Structure formats: structure tokens, C-alpha cells
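Have a look at the structure below before the remarks.
The values are calculated or read from the model by the stated rules, or taken from the named source; none is laboratory data. A quick note: this is a predicted structure, and the numbers were derived from the prediction, not measured. Cβ coordinates were reconstructed from backbone atoms using ideal geometry, including for glycine residues, and neighbour counts include every protein chain displayed. Side chains included, ligands, DNA and RNA excluded: accessible areas come from the protein's heavy atoms. Shrake-Rupley method; radii C 1.70, N 1.55, O 1.52, S 1.80 Å.
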Amino acid sequence: MAETNTSKKSSRHWEYICSFADKVKRFPSLARRTTWKVGKEDPRRVVHSLKVGMALTIVSLLYLMEPLFKGIGKNAMWAVMTVVVVMEFTVGATLCKGLNRGLGTLLAGSLAFLIEYVADAPGRIFRAVFIGAAVFLLGAAATYVRFIPYIKKNYDYGVMIFLLTFNLITVSSYRVDNVWSIAKDRISTIAIGCGLCLVMSLLVFPNWSGEDLHNSTISKLEGLANSIKVCVMEYFYDSEKRATQDDSSEDPIYKGYKAVLDSKANEETLALQASWEPRYSRHCHRIPWQQYARVGASLRHFSYTVVALHACLQSEIQTPRSIRALYKDSCIKLAEEVSKVLRELANSIRNNHQFSPQISNNVNEALQDLDNALKSHPQLLLGSRNGRTTNNSTQAVALADQKLKEDSRISSSTLKNDSLAPLECKSKEHSREQPKEAHVHKKVLRPQLSKIAITSLEFSEALPFAAFASSLVEMVAKLDHVIDEVEELGRMAHYREFRDNDEIVVTCERQKMNIPQNDLPSYGAE
């Protein structure tokens, strides 16, 4: 037994060693593929990496060159740290962090110098008490201010830098005589680092947060249009194949609405960063980036109906094809019109022009066609299996009466036998015959129970299509909110007015929905 356990342990160790060696062997090829994939998803990442490397090289000259080092001294390292922390992927993010850092450092240095000037007049004990009280009051006040929503959203990083710089300068001033030199060197080095970051971000292949938000909104509109069209087509033509598929990672329907549902945090961040960018429309008006976030919110509410459609497609219980075929044309037409509206909205945002006022006319006509189709085929509510419906109400009533009589006759005979059973339970002969009678009654009752189960199953098979049609109708209602938000965006951004001779081009190509996330961690080492 001991030898067997030892051999098992040795075999496990050997398998672990082989697995580890295999991972080490595959690591170079895996790293190469991952590196290529990251750069291929967004080539701007390569450019941004080169920009950061160039900025760090330039700012390091303050420390490497002897004349510059003598002028600034060891505080040159603050400029290097500023470049590392402030240099972000987009211009808006760099401006937000750079201006917050510069403003926080300037205010902290000025206030620290003022406190040092006031505390230097009396004795040393009063100076220590005054510095301690100032650190407590300003630390508590600045921390409380960070809870204000507007400050937390726009200036949280600046308040944090203010606290850090103020405490470093104020507390160290108690032991260092020349506090003005400390404040001046830190402010100058941080100004050099922030200025270099802004120059590299604004002038060398700039990446705009507003442009990312603009393209993201267009991509989500076209992705939802593609998801709706594919979902409805597969529901009527390829539902059996879709029901057997378990991997949703490669599903174009899933990708379309997932990109919308997961975009809230990224949209709000891009809208905030874009508000710091000096971007204006052709009429010299500020672009309403927050309205883009509202369009995204309306798209998220709209995408819930797409999720419901996808759920109907993957339902375990499906309506028979013969029933779905009665409403196929109406549903496909409605889905195509909704997709066309979404694509036209995307083209409106892409080309900065207003859309046609009659954009929803065809949608309303398709919705009316679906309503007429549902009213013309009431057998959907009966839920007959394989397309068999009972149009003759008299026959249905007669069959129901006959079934009711049979059920009552069976139940009465069963009740009679059950009432007589206690009186004859002591008889051995009756105890031998009773299983036979129960078996007979069981045989009689089984077909009736199976008929009820089949009837229930047939009705439940009609319910998925009712949910599918309801989701389509709800989708049209939610589409109105999306149209209103895009229309408001065009009004605020002063889009060119729609003309009758404008050609409406609706692209039908499948869009790339894996929007790259280029946000690096915001708060680095100080």
C-alpha cells in the first residue's frame, strides 16, 4: 500500500513538471500572439507607448544633463513622476489630470507658504501648534469636499494632490528653514512635467476622447441594428441550430447588445474627459458630449428588448414552425425597418446632419401589418400543435362536453369504489381483487391525464411567439426614445438640416463591436 501511494505521488509530481515545462515552452509564442493581438485591436496603442517613452526620455534630461541638474537639483525627479502619472491615452484624460495636478500643487504651495509666513512670527511652540491645527483643519475639509458629487467627478485628483503637496511642504517646513525654495522647486518641476505631457498629447498624433465617444455611439447603433436583424432571421429560419449552440462568446447577437449594456462606465468617462478637450463644431459651438451619454442611456434601455428577443430565440420551448410561418413576413419586415432606422441614426451622427422627419413612417406601417396579422390568425391563442386548429366552435364545445361526461363518469365510479373499499377491506378475496380494480382504473385514467398534459403543452408552445411579438412591439416603443435623444443631439450640436435631395445611405456591413478599452489606471505612484 505504501509503495502504491509513493508511486502515485511520484507520477503526480512528474505530470506537474511536464505541464510546467510545456507552459514554459509555449510562453514565447503565447506572448508573441498576445502582443500582436493588442496592437492589432487598436494601433494607436503602439503610438501612445512610443509617445510616453519619448516624453520620459526628454524629461529625464533634467536629471542627466549637468547644467539642468544644477538648476533644479534632486527635485527633477518630480517631473519624471509627473510624466508617468499624468500622461494618459487621450487628450481629454491628460488635460484633466494635468490641470488638476498643476492647480492642486499651485494652491497647496501658495497656502503652505502663507501658513509658514503666519506661523513664523511668534515662538516655536506656537508654530508647531499652528501647523498641526492647519493640517488637521485643511485635511478634514479637503477630504469632506471630495464627497461632493461635482468635485468627486471633476476635481477629485486635484484635491488629492492638494492634500499631498500641502502636507509635504507644511510639515517639512518645521525642520527646514527655506520652505519657499521647496515649494518653488516642486511647482516648477511639476509644471515642466505637465507641460511636456500636454505638448506630446496635443501635438503628436493626438487621441481625442470625444472622437472615441462619437465612434462608439455609431458602432453601438449599427451593432444593435445587426443584432435585431440576425435574431429575427434566425428565429424563423435557423432556430433549431441556435438552440443547440451553447457558446455565446461568438454569437453576433450577443456581441451587439453586450457592447451596449457594458458601456455605461466607459461612456461617462469619455464624456467627462471630452468636456476638457478644446473641441468645437463647425459653427464654433461646444460639442454636447454629455448628450452622447444620454443617447447611450437610451440605447441601453432599447437593448433590453433585444435581450428579450434573444431569450425567445434560445427558449427551450419553441412555437411550431407552421404557426411562426403565419407571421414571418410581418415580423421580418418590422425588424428590417427598425434596423434601417438605427442605421440611419448612425449615419446622421457620423455625417453631422439631421435625419429625415419621416424616419419612423415605415416602422409604423410595419407595426400595423404585424397587428393585422395577429388579429387575422386568432389560432395563435389556441396554441394548436403542428398547425392544427379548431375553427368550428360547435365541435369544440361538443368535444369539451363529451370529455366532461367521461371525466365525471370515471370520477363517480372511482368515488363509489373508494367508498365501498373500507367495508370489504377485511375480506381476503377483496384484498386480492383490489389491485386488479385499481389497475383497471389506472388504465382508464391514464389517457385522460395524457390528453390534459398534451393540451397544456400545446398552449405553452404558443406562448414563446407571443413573447417574441410583444418584444418587437416594445422595441418600437423604445425606439422613439432613441430617436428623440439623437434629434436633441443634432439640435444641440447644430447639425446640418435635412434636405429632400439628401441621399439616405444605409450600410449593411457587420460592424466590429469589441470596442477597445484604453483606460489605464488613473492614480499612480506620486
Stretch gain in nm, segment Lys184-Arg350, where the contour uses 0.36 nm per residue and the Cα spacing is subtracted: 55.0 nm
Column: log10 I(q)/I(0), Debye, Cα scatterers of region 305-372, q = 0.11, 0.12, 0.16 Å⁻¹: -0.37, -0.43, -0.69
Nearest-0.05 FRET efficiency for Tyr144 and Ala311, computed from C-beta distance (R0 45 Å): 0.45
Å² per residue, accessible surface of region 135-222 at 1.4 Å: 48
Unit charges on C-beta of K, R, D, E only; dipole of region 150-230, Debye: 180
Cross-link pairs Lys40/Lys97; Lys375/Lys478; Lys74/Lys97; Lys74/Lys264; Lys37/Lys220; Lys229/Lys264 - those with Cα-Cα distance over 32 Å: Lys74/Lys264
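Which whole number of Å³ per residue matches the convex hull of the alpha-carbon atoms in region 25-178?
Given the Cα convex hull of region 25-178, per-residue volume reads 185 Å³.
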Local net charge near Asp480, Cβ-Cβ under 12 Å (Lys/Arg +1, Asp/Glu -1): -3
Global form of region 93-191, assessed from the alpha-carbon gyration tensor, a/c cut-off 1.5: oblate
Carbon/sulfur fraction of accessible area - region 317-374, other protein chains in place, 1.4 Å, %: 44
Inter-label distance for Leu30 and Met65, nm, one decimal - labels placed 7 Å from Cα along Cα-to-Cβ: 4.5
Area accessible to solvent at Met233, 1.4 Å probe radius, in Å²: 70
Estimated FRET transfer efficiency when R0 is 51 angstrom, pair Cys18-Tyr237 (beta carbons, to 0.05): 0.60
Rotationally averaged projected area of region 260-351 (alpha carbon convex hull; nm²): 7.9
